[in-house]
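Below is one structure, written out as structure tokens; the observations come after it.
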Amino acid sequence: MTKEELWRAVLSEIELQVSRPNFLTWLKNSRLLDAQDGTALIALPNNFTKEWVELKYHKLILGSIRNYDSTTRKIEYVVEGVFMEKANRSKAAKLVARRVSEGQLALPEIKVDPETNLNPRYTFDSFVVGSFNELAHSATSAVVDVVGTKYNPLFIYGGTGLGKTHLIQAAGNEIKKNYKDKVKVKYVTSEKFTNDVVWAVKNNRFEDIKRTYRGVDVLIIDDIQFIGGKEKTEEEFFHTFNALHENNKQIIISSDRPPKAIPTLEARLRSRFEGGMIADITFPDYETRVAITKTKLQDREVALDEKIIDLIARKAQKNIREIEGVLNKLLFYQATYNRTLDMAFAEKVIAEIAEKAAVKVSPSQIIRVVANFFEISPNDLVGRQRNKEFVEPRQIAMFLFRDLLAMSYPDIANKVGKRDHTTAIYAYKKINDDVTKNPNLNQKILMIKEMVSSLG
Ligand code: ADP
Ligand code: MG
């Protein structure tokens with residue numbers, strides 16, 4: 001029996017035991033590269049498929065191979081593709097296995113301070129300043145120096161991925177560091193604030209809201225644009241704002257646009273915002289993108305060729321999150337395959353990212369992939385049942401509608417059980433936040449995205 005025959009036999013056996021979509025997604029494009037000395041080497045088209053197959057189908061595969069070749073005791077899974085020469089396959093498999101088991105590829109766990117909600121990773125030290133964010137940075141630094149009396153409120157606005165959250169959280173962390181327990185800092189997203197208000201209304205617990213939000217010295221509110229149009233929330237925020245402002249407590253606000261461009265914002269709130277300091281963040285130019293790339297490399301204690309840094313800075317123009325994305329991917333491959341990054345390789349990876357970004361998928365394709373991934377039915381995924389096993393998959397689907405297709409919140413909510421648009425906002429923000437704190441969730445999202453993009 002040749003390797004090919006053996007693998008065909010194994011696959012046709014497995015095909016009978018798993019669902020058709022799962023077979024097509026995970027196993028159809030696999031190959032048996034080698035079967036010697038008791039070890040079978042199986043190649044899969046990408047890392048995500050590899051990890052999934054290893055996790056879900058290992059037993060099945062091993063059992064099935066042993067039906068034909070009882071000397072097989074072990075299976076190694078490798079990724080097949082542009083990233084590896086044939087000769088290195090088995091070596092790479094061992095390396096990956098070792099690194100994974102040594103936890104080298106695991107993302108560091110990030111601990112958010114439960115009292116302030118601040119994430120310690122956002123600091124001024126790790127924040128690169130260029131002409132695009134100079135004003136916002138200097139205004140924020142001034143606020144840190146003289147809390148409450150200089151620019152109040154401080155209103156920072158700019159497009160997504162440009163550093164608003166980083167900057168306002170850095171302010172919070174710095175204040176905390178300088179004043180220790182003498183100053184009470186609190187960071188919230190405007191959704192969190194909204195949820196708290198909604199909860200207080202429902203449970204008649206306004207005192208709790210007052211205590212939580214009016215008892216602080218520095219209140220940082222992220223993405224205030226989402227507050228617009230919610231009467232009760234705006235009302236409560238208005239009173240909170242006034243109570244703090246009158247007592248010279250510092251308020252720091254971020255938004256994706258200036259106050260006058262938030263259409264549903266009440267006039268009295270708008271004029272309060274305009275009464276302080278407004279600073280924008282625009283787009284980093286090429287030189288700044290180089291500086292940012294270099295800083296990120298330093299943070300990770302790795303070096304890259306100048307030419308590759310130049311390539312990243314030229315290609316990743318959209319925002320800083322994109323720079324980080326490209327960098328993470330390059331370093332991931334470098335670590336996984338223990339390969340020096342040459343120019344050709346970097347170009348390949350970057351081209352691949354660009355190609356994936358261009359892939360157009362439909363909402364129903366996303367629904368199918370997510371349902372399939374979590375092994376629930378598409379109907380349950382978009383249904384109205386609140387069973388625990390449906391909730392996270394549903395939130396992830398909503399997140400992906402926004403992230404991959406830029407769908408509006410009402411459209412998203414409509415697709416998923418005709419819910420209220422605030423549910424979609426909540427789901428998006430929750431997943432978007434959680435991925436930075438929960439490596440497990442992050443991995444799931446990456447796997448799903450990989451599957452979605454492989455459809456295109
Ligand atoms: P926004 O809130 O504007 O959408 P974020 O603050 O979340 O953007 O920034 C996106 C990513 O880019 C974060 O990982 C952040 O640490 C990083 N980042 C943003 N601005 C800078 C900067 N000036 N220097 C270094 N890293 C930055
Ligand atoms: Mg943000």
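The values are calculated or read from the model by the stated rules, or taken from the named source; none is laboratory data. From a predicted model like this one, the values you see are computed outputs, not experimental measurements. When we count neighbours, we look across all protein chains shown, and the Cβ atoms used for this are built from the backbone with ideal geometry, even at glycine. In case anyone asks, the SASA skips ligands and DNA or RNA and just uses the protein heavy atoms, side chains included. Shrake-Rupley method; radii C 1.70, N 1.55, O 1.52, S 1.80 Å.
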message: Please verify whether residue 144 is away from ligand 2 (no atom under 13 Å from the Cβ) and among the hydrophobic types (A, V, I, L, M, F, W, C), treating the condition exactly as stated.
response: yes
Q: Might you let me know whether the stretch 163-173 holds any residue that is of a type in the set (D, E, K, R), touching a Gly at 6+ places or on another chain (Cβ under 9 Å) and touching a residue at least 40 places away in the same chain (Cβ under 8 Å)?
A: yes
Restricting the stretch 109-124 to residues that are among the charged types (D, E, K, R) and open to solvent by 70 Å² or more (accessible area, probe 1.4 Å), the one modelled with the lowest pLDDT turns out to be 109
Here the residues within the stretch 237-256 that are surrounded by 14 or more Cβ atoms within 10 Å (Cβ to Cβ) and in contact (Cβ under 8 Å) with a residue 40 or more places away in the chain are 237, 241, 245, 249, 250, 251, 252, 253, 254, 255, 256
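So, in the stretch 304-321, exactly how many residues are open to solvent by less than 60 Å² (accessible area, probe 1.4 Å) and within 14 Å of ligand 1 (Cβ to nearest atom)?
5
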Selection from the stretch 129-147 of residues modelled with pLDDT of 95 or more and either in contact with a Leu (Cβ under 9 Å, 6 or more places away or on another chain) or polar (S, T, N, Q) (or both) yields 133, 136, 137, 138, 139, 140, 141, 142, 143
Being within 17 Å of residue 244 (Cα to Cα) and within 16 Å of ligand 2 (Cβ to nearest atom) narrows 213, 187, 151, 157 down to just 187
Per the list (1) touching a residue at least 24 places away in the same chain (Cβ under 8 Å); (2) in a helix (DSSP H, G or I), residue check on residue 120 breaks on (2)
Any residue at all in the stretch 327-343 that is touching a Pro at 6+ places or on another chain (Cβ under 7 Å), of a type in the set (Lys, Arg) and surrounded by 15 or more Cβ atoms within 10 Å (Cβ to Cβ)?
no
Within the stretch 143-175, residues open to solvent by 40 Å² or more (accessible area, probe 1.4 Å), assigned to a helix (DSSP H, G or I) and away from ligand 1 (no atom under 12 Å from the Cβ) come out as 145, 174
